[in-house]
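Participant: Submitted below is the structure of interest, expressed as structure tokens.
The values are calculated or read from the model by the stated rules, or taken from the named source; none is laboratory data. The structure presented is a predicted model; accordingly, all values stated were derived computationally and were not measured. Because the Cβ atoms are built from the backbone with ideal geometry, glycine has one as well, and the counts that use them run over all protein chains shown.
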Amino acid sequence: MRGSVMGTAVTLAAGALLTAAMTTASASPPTTPHKADPPRPVLVDCTWHQNVRPADFILACGDGNSRLIGLHWSQWSPDGATATGVNMVNDCKPYCAAGRFHGYPVTVRLDEAKPWKKDPGVQHYTRMTLTYAHDHPEGFQQVMTYPLWD
């Protein structure tokens, strides 16, 4: 009798394990390989840091006399990025150290993402276009396009 109790216990345990294994396998969603999202491009700043959706960005690296502030990004993808903000530009009158900064509402467009020379595995935007909403700084046009450093 002891043998039949032991056999029954082993049979029940094996059945429970089999049931658990089948339940777990059938409850798991099927796994399908998916394509990885393309890497998100970056905006490289004056100090060679990679930025994604920065709130501020210095345009004039040498003297800081032109910078973008209060950037609000509505798009950031391999196809391009778009933001609104303010371009703060020093009028440099009578000279830059004594000049005043003036704010100009602007739309910023980044595009032409390409591999970054410093790290070819990283895509970075290589062109920036600024479109001034109303007034623009003296010597600027309503739409200004700049190559970005590599």
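Participant: When you scan region 78-150 for strands (runs of 3 or more DSSP E) that lie fully inside it, which ones turn up with 2 or more residues that are of a type in the set (Phe, Trp, Tyr)? If you could, list the steps in order and put the result at the bottom.
Facilitator: On the way: elements: 80-90, 101-115, 123-132, 143-147.
Once the strands (runs of 3 or more DSSP E) in region 78-150 are filtered for at least 2 residues that are of a type in the set (Phe, Trp, Tyr), what remains is 101-115, 123-132.
Participant: Based on what the data block shows, is Ile58 farther than 17 Å from Pro39 by Cβ and in contact with a Leu (Cβ under 9 Å, 6 or more places away or on another chain)?
Facilitator: Values: farther than 17 Å from Pro39 by Cβ: yes; in contact with a Leu (Cβ under 9 Å, 6 or more places away or on another chain): yes.
Criteria met by Ile58.
Participant: Among (1) in contact with a Lys or Arg (Cβ under 7 Å, 6 or more places away or on another chain); (2) surrounded by 15 or more Cβ atoms within 10 Å (Cβ to Cβ), there is one condition Pro147 misses while meeting the rest; what is its number?
Facilitator: Going through the list (1) in contact with a Lys or Arg (Cβ under 7 Å, 6 or more places away or on another chain); (2) surrounded by 15 or more Cβ atoms within 10 Å (Cβ to Cβ), Pro147 breaks only (2).
Participant: Which pairs have Cβ atoms under 6 Å, sit 6 or more apart or on different chains, and link a residue in region 105-117 that is closer than 22 Å to Ala55 by Cα to one that is in a loop (DSSP other than H, G, I, E, B)?
Facilitator: Pro105/Ala133; Ala113/Pro41; Ala113/Pro78; Trp116/Val122
Participant: Residue pairs, Cβ under 6 Å, 6 or more apart or interchain, first in region 45-68 and among the aromatic types (Phe, Trp, Tyr), second surrounded by 17 or more Cβ atoms within 10 Å (Cβ to Cβ). List them.
Facilitator: Final answer for the pair search is Phe57/Leu68.
Participant: Follow-up. If a residue has to be touching a strand residue (DSSP E or B) at 6+ places or on another chain (Cβ under 8 Å) and either within 21 Å of Pro137 (Cα to Cα) or in a loop (DSSP other than H, G, I, E, B) (or both) to count, how many in region 39-62 make the cut?
Facilitator: Number satisfying all stated conditions: 14.
Participant: Given the residues Ala21, Ala98, which is the only one that is at pLDDT 95 or above and of a type in the set (Gly, Ala, Ser)? Please lay out each step first, then the result.
Facilitator: Working: Ala21 fails: at pLDDT 95 or above.
Just a single option satisfies the conditions, and that option is Ala98.
Participant: I'm checking my understanding of the structure. Among residues of region 70-89 that are in contact (Cβ under 8 Å) with a residue 24 or more places away in the chain and within 15 Å of Phe101 (Cα to Cα), which one is nearest to the chain's Cα centre (by Cα)? Outline the logic, then answer.
Facilitator: Narrowing region 70-89 to residues in contact (Cβ under 8 Å) with a residue 24 or more places away in the chain: 71, 76-84, 87, 89.
With the extra rule that they be within 15 Å of Phe101 (Cα to Cα), the set shrinks to 87, 89.
Values: Asn87: 21, Val89: 26 Å.
Taking the candidates together, the pick is Asn87.
Participant: Within region 71-117, take every residue that is closer than 20 Å to Leu130 by Cα and aromatic (Phe, Trp, Tyr) and give me the one that is surrounded by the fewest Cβ atoms within 10 Å (Cβ to Cβ). Lay out the reasoning, then the answer.
Facilitator: Of region 71-117, the ones closer than 20 Å to Leu130 by Cα are 71-91, 101-114.
Add one more test, that the residue is aromatic (Phe, Trp, Tyr), and what stays is 73, 76, 101, 104.
Numbers: Trp73: 16, Trp76: 18, Phe101: 14, Tyr104: 18.
Here the answer is Phe101.
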